[in-house]
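Engineer: Sending over a structure as structure tokens; questions will come in a sec.
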Amino acid sequence: MNTHYTLQSFFLLITLLFVYTSEVTALYYSRPTSQTEKTRVIVTTDGEADDRASMVRFLLSANEFDVEGIINSSSQFHWEGGKGWNAFHPVEWIREYIEYYKKVYPNLLLHDKNYPSPEYLLSKWKVGNIKGDGEYRERTEGAQFIAKVLSMKWKQ
């Protein structure tokens, strides 16, 4: 096999993996139907360093969205019970980040009254599949919550 072709394929695969795993994922996205309606989002995250940085940016722009959910999930690289590099980060970091948000919340409100309250954000935080790589059969609290949000949308 041509070494150049193999390396080129390898770098393409790594690039695709990076694109799919590098940011907090907007699982559900709905376009607003008017200027005053906000985009509805459900955010999923596996808690890696890049996701944590993206969560900070997301929370600081949460006034722009109708936050439907914040769901912890595993990834193909990190899951509960994984060892070494595959070890999953405890889910409590989201509560910690929302506590940091709570500290700056009064200042955020000075700029825009549409920032969601820290209590509201905590009510939208659920734990999804964190036990296995790609596990989808177990109906976790997060999975049930996503299904509920999506079914409510279809009923509207």
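Engineer: List, please: which pairs have Cβ atoms under 6 Å, are six or more places apart or on different chains, and start with a residue in segment 100-128 that is modelled with pLDDT of 95 or more and end with one that is open to solvent by 80 Å² or more (accessible area, probe 1.4 Å)?
Structural biologist: Cβ pairs passing all conditions: Pro118/Lys102.
Engineer: Are any residues in segment 20-71 modelled with pLDDT of 90 or more, among the aromatic types (Phe, Trp, Tyr) and in a helix (DSSP H, G or I), and if so, which ones?
Structural biologist: Within segment 20-71, just Phe58 meets the criteria.
The values are calculated or read from the model by the stated rules, or taken from the named source; none is laboratory data. Bear in mind the structure is a predicted one, so any value in this text is a computation, not a measurement. When we count neighbours, we look across all protein chains shown, and the Cβ atoms used for this are built from the backbone with ideal geometry, even at glycine. We work out accessible area using only protein heavy atoms, side chains counted, and drop any ligands, DNA or RNA first. Shrake-Rupley method; radii C 1.70, N 1.55, O 1.52, S 1.80 Å.
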